[in-house]
Each structure stands twice: as C-alpha cells, then as structure tokens.
1. Can you check what the net charge comes to around residue 112, using other residues whose Cβ is under 11 Å from the Cβ of residue 112 (Lys, Arg +1; Asp, Glu -1)?
2. Given the options 95, 74, 259, which has the most mean-square fluctuation in a GNM of the chain, springs set between C-alpha atoms less than 10 angstrom apart?
3. Take the chain, connect every pair of alpha-carbon atoms lying under 10 Å apart with a spring to form a Gaussian network, then pick out the residue of 272, 223, 164 with the largest mean-square fluctuation.
4. Among 102, 44, 250, whose mean-square fluctuation peaks in a Gaussian network model of the chain (Cα, cutoff 10 Å)?
5. Express the relative contact order of the chain as a whole percentage, based on alpha carbon pairs under 8 Å and six or more residues apart in sequence.
6. Can you give me the long-range amide H partners of residue 111? Hydrogens built in the peptide plane at 1.01 Å from N, cutoff under 5 Å, separation of 5 or more residues or another chain.
7. Hey, what did the stretch 119-225 get for relative contact order, percent, Cα under 8 Å, at least 6 apart?
8. Rounded to two decimal places and with Rh computed the Kirkwood way over Cα pairs, what is Rg over Rh for the chain?
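Bear in mind that the values in this text are calculations on the coordinates, not laboratory data. As the structure is a computational prediction, the values presented were derived from the model and not from experiment. Virtual Cβ from ideal backbone geometry, glycine too; neighbours counted across all protein chains shown.
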Amino acid sequence: MSASFPVSDSSSSLPSVAALDPRAPVGIFDSGLGGLSVLRAVRAQLPDEALVYVADSLYAPYGERDDDFIADRTLAIGEWLVAQGAKALVVACNTATAQSIALVREKLPIQLIGVEPGIKPAAQQSKSRVAGVLATRVTLRSARFQGLLERHGSDCRFLCQPGLGLVEAVERCDIGSPELRALLVSYLQPMLDAGADTLVLGCTHYPFLDAAIRDIVGDRLALIDTSVAIARQLERVLDQQGLRSPGRPAAPLPRFCSTSDGAHLKQLAATLLHIDTPVERVHIPSRRTVTPDSHAA
C-alpha cells in the first residue's frame, strides 16, 4: 500500500531552515530501541551535538506493519521533533527509511538523513562473492532495497534472510539468551554453508547482537554496520548548512523519549551505552493512531 497524507496545517508553524540555531538538537527516531546503535555512533562522531531520541515503542516493531502506517508514524514523529526545535532528523530505522523517507522529506523543513542496508560496502568487500543480509520483511520487499541490489549487487550473490524475532528480542533487552542464539544459528548457518563471507546488518537493532553473532560465526563473516557512515553523513549535512554545534565544556546527555513506558529504553541505554538518564513518555498522535492506546494497523 502506498502512503498518502492530507495537507497538514501544522506545517505553517514549523520553523524555517534560516531560523535554526546550531545549538539546537538533532532528532533521532526509530520504531523502538535499535536506533540507539546510530545514536552511539553519532555521539562518538559529534560529541558536541545535543540529541533527542524518540522510540515509537508503543507501535514497534514496524517490520510487520503496512506501508501507510509506517509513513504516518514517521511523519508524525518528524513533525513532533521539529516542534521540539530539532535542526535535523536522523531516521534511524531501515524499515521507516525504506518505506517513507522520500514522502516525509517533502513535508518537513529540516534535513533528513536515512539509513539503508550496507549492500554497496558488502559487495565491495566480499571475496567469496556471497553475502548474507539480515533485515525486516518490510525492508527486504521495499523498492529502495531492491534498487540497492540492482545497483550494487549484480556480481555478488546476496542471501536475504528476514530476521523474524530479532527486533523483539532486542526490544526486551535479550541480546544473548540460548533462545536468541538458536534463532541466530538458524539464520546464519545456511549463509555459512553457502559460502558467505560477509553479513549485512540490515536493521539498526542488529548491531546490539554483534557479540552473539560473533560467538556463532567467529571470523568467518565480516559484519557490515552502517551506523558510522550515517554519523559521518550527518556531520557533512550539518557542516554544509552551517549548523554544526560549537564546542561545549562537556558532551550533553541525550534526551530520551518513548511512546511506551520507556523501561526497556532506559535499561538498554544504561547497559549498552552506559547512559543512565530518565526517559520521558510522550504522546505523539497521528492519522492512524488517534488515541494513545490505539494499535490500528
């Protein structure tokens, strides 16, 4: 289903690019907790930037949602972040990028940086010319992903595996249980048997499973995580627009927001990023989710 939006009256109240302050925050958005892998890379690359992270955990995961729902939520959260003063938006979700970033980019007055699976670096790096891809079903079926395969994967065989259950595992802070390991083995062993030497982590949740994956595959698969490339692209965009934050005495702590209770977001940020800070519960209504408890799909 293609996504469409009614004309939004709220756009007239959004700030112009010329009015943006270099000290304003960068918004980072994901369907849930996976975008924390991108936030980690952004903080390392741009330590002076103030960050606002939004997890749409009430409606996660997006991987099984319809395209219109994903686009509707992406636009609503983008508008909310603009209203919070964000000077740029990182859509730190492969599924949301694949299905809605082009539409949402037309609606917002700030720069959007999306994420996409590392098909190009995998094709450049693979020596066996066989590479595995773990991603959500929505990402794998998207025209954006198929275009990546056509542009960069013509001389490399890509084994595309939907990572069913992996997002949910990370969302409940399971990054190493026996059940998770068994699930990963079922996805990775066929890739190893087929001669793959490279694995594309096609969802921002998956870098948090790198230790479990390494425990299974050892050095047989090179892992492709594009979060560092996303951080560098954000740096280029901010520099081009003169919006790079000036130096600060200390790196600011991110502001964490969740459309759910935020307990898992707080736990994962503390465990994996060593950031212990409160999580705000926010209500961000949209056309498909009029009330906080609506789970329209």
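1. My count for the surroundings of residue 112 gives +1.
2. 259
3. Highest fluctuation of the listed residues: 272.
4. Judging by the Gaussian network model, the answer is 250.
5. 26
6. When sequence neighbours closer than 5 places are left aside, the close amide H contacts are 89.
7. In percent, rounded to a whole number, it is 37.
8. That ratio is 0.96, to two decimals.
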